[in-house]
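Down below is the structure, laid out as structure tokens.
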Amino acid sequence: MTRPGAVAGAGIDEGVAAHYGELAKEQRTLLNGTAVADMSHFDVVKLAGEDRISWLNTLSSQALIDLRPGQSTQTLLLSVQGRIDFDIRVLADPETLWLLVEPGQGAPLTAWLQRMRFMLRVEITDVSADFALVGSCAPQPALEAYPVWIDPWPQVIGGGYAYSAPEHPGVERPWFEYIVPVTQLQDAVASLDLAGMLAVEALRIAAWRPRFGFETDDKTIPHELDLVRTAVHLDKGCYKGQETVARVHNVGRPPRRLVFLQLDGSMHTLPALGSTICVGEKVLGTLTSVASHFEAGPIGLALIKRNIDPDLELEVVDGAERYAAKQEVIVSTDAGQTAGRFTGFIRPPR
């Protein structure tokens, strides 16, 4: 925020810069790796102790037991009903697990983990006040001394499953988050150009990357957001919410699906988050993220009913304003019900 032109963010991204006065340029430089983003408002929790990996493995949706120092992954803590309570970015260090979460989630996550610790050799510390995150779309030599979480998105990692087409725009946006002590942050980024959170969000939306607190609500299950590809291991042992995960994947269907929206650019404004997605007067879902992209124009993500025709033209309704929107499939309408599904071998003659 001390850089010239910095304009403060709002809402969950309050406390860091929304932009520095050149929105399109910031997106381009962030994407090509010549700028970084101040994400120091995100929270950081550290796990230490001999049982840290095996213990977290028993609680979460991802298989962590073979995680080695320097490796990154994503995991979820779910409710008994399989709904997403926490979305965690995990980085292993020799003596530590770094858990990176959304702004304001550090304290609740720490409290939740403390309740589950029992007599195991695990130390849980919310270090959000001591560490900042710096986001980038490319490795940064100026930050190479610091631990870095590398986003697995949109890979289908071991034990995962994709509910979207093989051609995924997320491959065009690699993502790195450096963990920097707050006392060293100014010096660490002094030689680097900065981009604001509006640039971060525009690139995230274009990559179809769901964000906790935006694409999630108190009913969201991983299948609806295509998070089974990066955050869920379908073959690991028991954890809270596993029954729902397995049931929906094998014999059920997710009730909603995430879609990418290309919005009508003639309106010269963006609809508010939480605007309804409609056909005529029929409400089909909710706008969860929105941004103005430097190439694609106004774009968004939305959660809609799973069985909505993918070719259907939608409208985003914000008060009296109605924005025409074309949907692109992220989560397929036939997601789920994989048990017994034919997957590629020639059927033997009867």
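Where a number appears in this text, it was derived from the coordinates with a stated rule and is not lab data. Treat the numbers as computed from the prediction; the structure is a model and nothing was measured. Cβ coordinates were reconstructed from backbone atoms using ideal geometry, including for glycine residues, and neighbour counts include every protein chain displayed.
What list do you get for Leu97, Leu258 if you sort them by fewest beta carbons within 10 Å?
Fewest-to-most Cβ neighbours within 10 Å comes out as Leu97, Leu258.
Given an 8 Å cut-off on Cα distances and at least 6 residues of separation, report the relative contact order of the stretch 255-335 as a percent.
40 percent
Hey, can you grab everything whose amide H is under 5 Å from the amide H of Val36? Only 5+ residues off in sequence or another chain; H modelled, so Pro and N-termini drop out.
Hits under the 5 Å cutoff: Asp193, Leu194, Ala195.
Mind checking the alpha-carbon convex hull of the chain and giving the volume per residue in Å³?
Taking only Cα atoms, the chain has a hull volume of 153 Å³ per residue.
Only helical DSSP H runs with n ≥ 4 go in: add -39500 (n - 2.57) per run for the chain, normalise by residue count and round the 222 nm mean residue ellipticity to 500 deg cm²/dmol.
-4000 deg cm²/dmol
Kindly put Arg253, Arg306 in sequence by how many other C-beta atoms sit within 10 Å of each C-beta, fewest to most.
Starting with the residue having the fewest Cβ neighbours, the order is Arg253, Arg306.
Viscosity 1.306 mPa s, temperature 10 °C: what is the translational diffusion coefficient of the stretch 255-335 from Stokes-Einstein with a Kirkwood Rh over Cα pairs, rounded to a whole number of µm²/s? Walk me through the numbers before you get to the answer.
On the way: Rh = 12.4 Å.
Translational D for this selection: 128 µm²/s.
Restricting to DSSP loop positions (anything but H, G, I, E, B) with no more than 16 other Cβ atoms inside 10 Å of their own Cβ, which trypsin sites (Lys or Arg not before Pro) remain in the stretch 54-147?
Sparse-neighbourhood loop trypsin sites (Lys or Arg not before Pro): Arg117, Arg121.
What aspartates and glutamates could a cross-link reach from Lys219, if we take a straight Cα to Cα line under 15 Å and drop same-chain neighbours fewer than 8 places away?
Result set, ordered by chain and number: Asp85, Asp87.
What aspartates and glutamates could a cross-link reach from Lys282, if we take a straight Cα to Cα line under 18 Å and drop same-chain neighbours fewer than 8 places away?
Asp309, Asp311, Glu313, Glu315, Asp318, Glu321
Please arrange Met267, Met119, Met1 by how many other C-beta atoms lie within 10 Å of their C-beta, fewest to most.
Fewest-to-most ranking of Met267, Met119, Met1: Met119, Met1, Met267.
Can you run phi through the Karplus equation (6.51, -1.76, 1.60; θ = phi - 60°) for the stretch 209-226 and list ³J(HN,Hα) in whole Hz, with x for Gly and Pro?
Couplings: 8, x, 10, 4, x, 10, 7, 10, 9, 6, 10, 5, 10, x, 4, 5, 10, 6 Hz.
What are the GluC sites (Glu not before Pro) within the stretch 292-340 that DSSP puts in a loop, where the Cβ has at most 14 other Cβ atoms within 10 Å? Please list the in-between numbers first.
Details: sites: Glu295, Glu313, Glu315, Glu321, Glu328; in loops: Glu295, Glu313.
Qualifying residues, ordered by number: Glu295, Glu313.
Which whole-number percent is the relative contact order of the stretch 209-290 (Cα, under 8 Å, 6+ apart)?
Working: 51 pairs, mean separation 22.0, N = 82.
About 27 percent, as a whole number.
Could you tell me the relative contact order of the stretch 123-218? Use alpha-carbon pairs under 8 Å, at least six residues apart, and round to a whole percent.
38 percent
In whole Hz, with x marking every Gly and Pro, tabulate ³J(HN,Hα) for the stretch 170-179 from phi via Karplus 6.51 cos²θ - 1.76 cosθ + 1.60, θ = phi - 60°.
Listing the rounded values in order: x, 5, 7, 10, x, 9, 10, 10, 8, 9 Hz.
Residue by residue, what Karplus-based ³J(HN,Hα) values in Hz, rounded to whole numbers, does the stretch 274-287 have, using 6.51, -1.76 and 1.60 with θ = phi - 60° and x for Gly and Pro?
Computed from phi, the couplings for the stretch 274-287 are x, 4, 7, 9, 9, 10, x, 9, 7, 7, 10, x, 9, 6 Hz.
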